[in-house]
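Structure record follows, encoded as structure tokens.
Every read-out reported here was derived from the displayed coordinates using simple, explicitly stated rules and does not represent laboratory data. Keep in mind it's a predicted model, so treat the numbers as computed, not measured. For neighbour counting, all protein chains shown are included, and Cβ atoms are generated from backbone atoms with ideal geometry for every residue, glycine included.
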Amino acid sequence: MPSIKINGRDIEVEEGLTVLQACEEAGVEIPRFCYHERLSIAGNCRMCLVEMEPSPKPIASCAMPINDGMVIHTDTDLVKKAREGVMEFLLINHPLDCPICDQGGECDLQDQAMGYGLDKSRFLESKRAVKNKYLGPLVSTIMTRCIHCTRCIRFAQEIAGVPELGATGRGENMEVGTYVEKALSSELSGNLVDLCPVGALTSKPYEFKARSWELVKTQSIDVFDAMGSNIRIDSRGSEVMRVLPRINNSINEEWISDKTRHACDGLGRQRLDRPYVRRNGKLEEESWDGVLSVIAEKMINTSPKRMAAIAGDLVDCESLVSLKDLMQTLGCNNLDCRQDSGAFGNPRSSYIFNSGIKGIDRADVILLIGCNPRWEAPVLNARIRKQYLNGAIIGVIGPEFDLTFPFEHLSPDLKEIKNMLEHPSEFSDKLAKARRPMLVLGSGALAREDGEAILGAARDLAERVNIVNSEWNGFNVLQRAASRVGGLDLGFVPKTNKDLGTREILRAAEKKEIDVIYLLGSDEIEMDRLGDAFVIYQGHHGDAGAHRADAILPGAAYTEKNGTYVNLEGRCQRALRAVFPPGEAKEDWAIIRALSERIGKKLPFDNLLQVRERMSEVNPIFSNVNKISEASWGEFGSRGEIKDSEFIQPIENFYMTDVISRASATMAECTEVALAKKEKAA
Amino acid sequence: MNKVIDGEMGLDSFSFSSQNKDLAEVEIAKYPEGRKASAVMPLLELAQRQNGGWLSRAAMDYVAETLDMPFIKVYEVATFYTMYNLKKVGKFHVQVCTNLPCWLRGSDQVVDACKNQLNISFGETSEDAMFTLTEVECLGACVNAPMMQVNDDYYEDLNEVSTKSILSELASGNSPKPGSQIDRKSCEPIGGLTSLIQQSKEAIESK
Ligand code: SF4
Ligand code: FES
Ligand code: FES
């Protein structure tokens, strides 16, 4: 390990670091604008200058690799003077509009100008002004503020895989933009706003809404896909103002998708803020007391065989365990947390992303089966792309999508899995020869009628080509619903073959064999198939479920409760409450607990701690918070035939997949832009 | 130099003539496999020539597609270099140097002559689409200053009269002689050699 001297202190650092990184390790902070640890090095802002002996001139530390015996100074007069010089140049053309700039208070330039800026300007000429650019409905631009760090350009090209941004013109006339006006075609465009070190790129939906210092910051977990991205919810009073990513290298690194970031305006619209009961075909407002008695009476007087419960995609594990316990004490096992009836098996490894999201960074051959990760988990897709850039080979079975990286399209037909199993192909050879082969099975494939067979075939293929061995398990299911893995872990599924799952519940309801259906945040099933059953809807938005409901229990959205979610890799994480539910709405597990008391089957827990103890009792993984619990390999899936049936895209529109994003005006706008783009291309 | 970032872009379709296709192949072949993008500048030049002296957006997109480059990367190159014209230019693109050596030697008169004769100012194109007048930085012919470039030719040692006559010749379809307009041989000193005379005599005699 090379040893270098920083400010008179000797330290040993890893080979291949840059001076800036080494300084960071030594605890010396270096100011910077263009350098970002997840982007390539540009070395164009010159803010990171340090002194290196015996060089007479300061060097850009972000672009200088370390060498054994290097002597670096970061605290000399020369360094200070050099940085002050750079800062003065940067400020020449930067407007002094901090009071009206959204970045104010969280601006790198503002912060660093405090350290290195002069208190007055010596520049008497006129500043340049740059026309603003249109980058779509999410990113607002004030390009006069741009300092040409090129972070946004590098992000679009390297991470998002949409090389649409660039710097045109030269010298004083250099401008960052798309040249030809258009919205960025990325599901990750919101991250540009975080990356921009100044206020040139700011969030359009959040524009002029709040100041960063008046927001309450809550660390939480995202629910718009199954990744469990770590987020920070910024709220003011009872309103969620914005959602930002938190760094978690094992999950989302520091990115989040545009839906995660910008669907939050949907939290304030179409909310269910009081209980309702349907009388004479019309929903009428009701008191908690009233609605609970109506439901309790119904449930007491219905045979458990003629009742069922379906849980939706955004539900927390606390409510799942509560509802499951309630239904089971009543003797009803017609439960399902899978609105799409996706196949799964008994060992946990059959429904999680076994390699872990971080495992993608080690995979060398990746086979994607029946999924579109770009829409089902955009941040995960960016990680696959990163691995593609590192040399991984990628193959796709199933429909073709623009995944932002090239791949071998092996077959549009899922039968190809069986083919590969029976007759080794070129690609299966590649898998077999790989060190860490990986298979990613989409939830859309598992949701088909022949999902069991697809699951079984994929499992066998995994064994055949060494995707699973003693050190590595690359068998990965790409779940889409935030509640899914948790629901399966808690056993929120039919207990035996005789009990009904979603598919059978709908069939039975159509035939009027079900009298009471409890929808826990479930809006994505075919409501017109519920027959004349009495439908109880518990949830937070007036969407499909509430429209069909006979009784409505207003619950809390993910930002309004302390909830547990298990992400697609099987990591149990806790979301924290940022704001209170609106009106009379309540935390969901408490609603179910209250109902159980009415029914006379009081659930044995009185507080969140006890609910969580109960969860750990059902499955010990719930005691293992923030970690991935071991999942053993085993037999699962069926050996049945994979049918010809056409693949059904689980997501038609990335921007609107659930009650919150469907209520969001921002997401509606994104949808419009995306549609217009599609039409233009067609 | 002000580059036009917006404005007329030209969306009509564009593709290389078969001759230019061959030339493009030659350029691309100069670079190793997978490094096609390196040929972007010569290809843009070909496109500009074929397109009547300027690069339409269609032409830039075509080059990008030919070289498997993102469009924006080609726009970046085309907007960076001043010799790529992103706006339509007239049949004759008159570029007058106004840098220091040319200015000291009277580029102001050349500029005035152009403006008066053509009735346009810098950055404009005459109504008959024959002339575009552009102010440029040093073109490297300072030794024969002042000078201007018309399409591919340099006209040097200009004054008001010679400038006007060149422009009228061009307008009437003739091709005025490029190079020095005062009968100077290439860039030798005016009035014959002033140094190295002895040596060259000896050299001649020894032959
Ligand atoms: S817009 Fe922001 S991120 Fe992009 S180059 Fe300018 S300052 Fe950097
Ligand atoms: S951070 Fe080193 S040059 Fe910008
Ligand atoms: S200054 Fe005019 S050509 Fe050099």
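Averaged across A:150-163, how many Cβ atoms of other chains sit within 10 Å of each residue's Cβ atom?
That works out to 1 on average.
Place the peptides A:563-573, A:38-48 in order of packing, highest mean first, counting for every residue the other Cβ atoms within 10 Å and averaging per peptide.
A:563-573, A:38-48
So what's the gap between the Cα centers of region A:505-558 and region A:626-682, to the nearest angstrom?
22
Quick one: which residues, 5+ away or cross-chain, put their amide H under 5 Å from the amide H of A:Leu368? H built at 1.01 Å from N.
Long-range HN contacts for A:Leu368: A:Gly395, A:Val396, A:Ile397, A:Val440.
Net charge near A:Leu478: determine it from the other residues with C-beta under 10 Å of the C-beta of A:Leu478, scoring Lys and Arg +1 and Asp and Glu -1.
Combined, the nearby Lys, Arg, Asp and Glu give -1.
For every helix of n ≥ 4 consecutive DSSP H residues, a contribution of -39,500 (n - 2.57) applies; sum these over chain B, divide by its total residues, and give [θ] at 222 nm rounded to the nearest 500 deg cm²/dmol.
-11500 deg cm²/dmol
Quick one: which residues, 5 or more positions from A:Gly570 or on another chain, have an amide H under 5 Å from its amide H? H modelled 1.01 Å from N in the peptide plane, none for Pro or chain starts.
A:Phe353
Can you pull the mean other chain C-beta count within 10 Å for peptide B:63-75?
Across the residues of B:63-75, the mean count of other-chain Cβ atoms within 10 Å is 3.
Name the residues whose placed amide hydrogens come within less than 5 Å of the amide hydrogen of B:Glu124, ignoring near sequence neighbours (fewer than 5 apart) on the same chain.
So B:Glu124 has HN proximity to B:Leu133.
Quick check: Cα centre of region A:381-401 to Cα centre of region A:291-314, how many Å?
44
How many angstrom lie between the C-alpha centres of region B:58-129 and region B:157-200?
Each part reduced to its Cα centre gives a spacing of 24 Å.
Using +1 at the Cβ of each Lys and Arg and -1 at the Cβ of each Asp and Glu in region A:8-126, identify which of A:Ile72, A:Ile41, A:Pro56 lies farthest towards the dipole's positive end.
A:Pro56
Excluding B:Pro178 itself, what net charge comes from residues whose Cβ is under 10 Å from its Cβ, given Lys and Arg +1 and Asp and Glu -1?
Neighbourhood net charge equals -2.
Using helices alone, I'd like the mean residue ellipticity at 222 nm for chain A: each DSSP H run of four-plus residues gives -39500 (n - 2.57), total over residue count, nearest 500.
-7500 deg cm²/dmol
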